1. For residue 3 paired with residue 91, estimate the spin-label separation in nm (one decimal), with each label point 7 Å from Cα along the Cα-to-Cβ line.
2. Just add up the charged neighbours of residue 64: K/R +1, D/E -1, any other residue whose Cβ is under 13 Å from the Cβ of residue 64.
3. Once phi is turned into ³J(HN,Hα) by the Karplus curve 6.51 cos²θ - 1.76 cosθ + 1.60 with θ = phi - 60°, what whole-Hz value does each residue of region 9-16 show in order, with x for glycine and proline?
4. Pop a pseudo-label 7 angstrom from the Cα along the beta-carbon direction at both residue 48 and residue 29 and give the gap in nm to one decimal.
5. What is the sum of charges around residue 76, taking Lys and Arg as +1, Asp and Glu as -1, for the other residues whose C-beta is under 15 Å from the C-beta of residue 76?
6. Can you list the residues, at least 5 places off or on another chain, whose amide H is less than 5 Å from the amide H of residue 87, using H built in the peptide plane?
7. Residue 12 to residue 68: extension gain in nm, 0.36 nm per residue of separation minus the Cα-Cα distance?
Amino acid sequence: MENISLLSSFLKMIFALAIVLGILIGVMYFVKNFMNRSSVSTEGQNLINVLSSRYLGPKSSIILVEVMEQVIVVGISGQQMTPLARIDDPLTVAKMKARQSSASLSPFTGDTLSKLLSWANMPGNKKSGKSGK
């Protein structure tokens, strides 16, 4: 009789755990969908775009943010965000966008690819059965 009681307690615990996990997954799904709603945009584009970011050190980086045809250079630390510069020149902004789009199309630049190829062709990296006599 004790085995039946133990089994029913175990099944009740598993059922309760399944309900709690189901509720948790449902809440996570709702929050994810609620947070990913698109904001107001002009001509199908976002109003704020992060063009580039560079890690400087622990909890510090610099990012280029495009806000309505202006580029703002922002310094980010662990405690605050500070605007460092503003780029209003349309020609410079267009060059940055072109550079960003070309960089996003090809993850390997020519320089990186040539370094990888030279490393692969180094004599020390080749494994051959012949001795160097």
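Quick note: the coordinates plus some simple rules give every number you see, no bench work behind them. These figures come from a predicted structure and were not determined experimentally. Glycine gets a Cβ as well: all are built from the backbone with ideal geometry, and neighbour counts include every protein chain shown.
1. 8.8 nm
2. Value of the local net charge: +4.
3. For region 9-16, the Karplus-derived couplings read 5, 5, 5, 4, 5, 5, 5, 5 Hz, x marking Gly and Pro.
4. In this crude spin-label approximation the distance works out to 3.0 nm.
5. +2
6. 71, 72, 73
7. Roughly 14.5 nm would be gained on extension.
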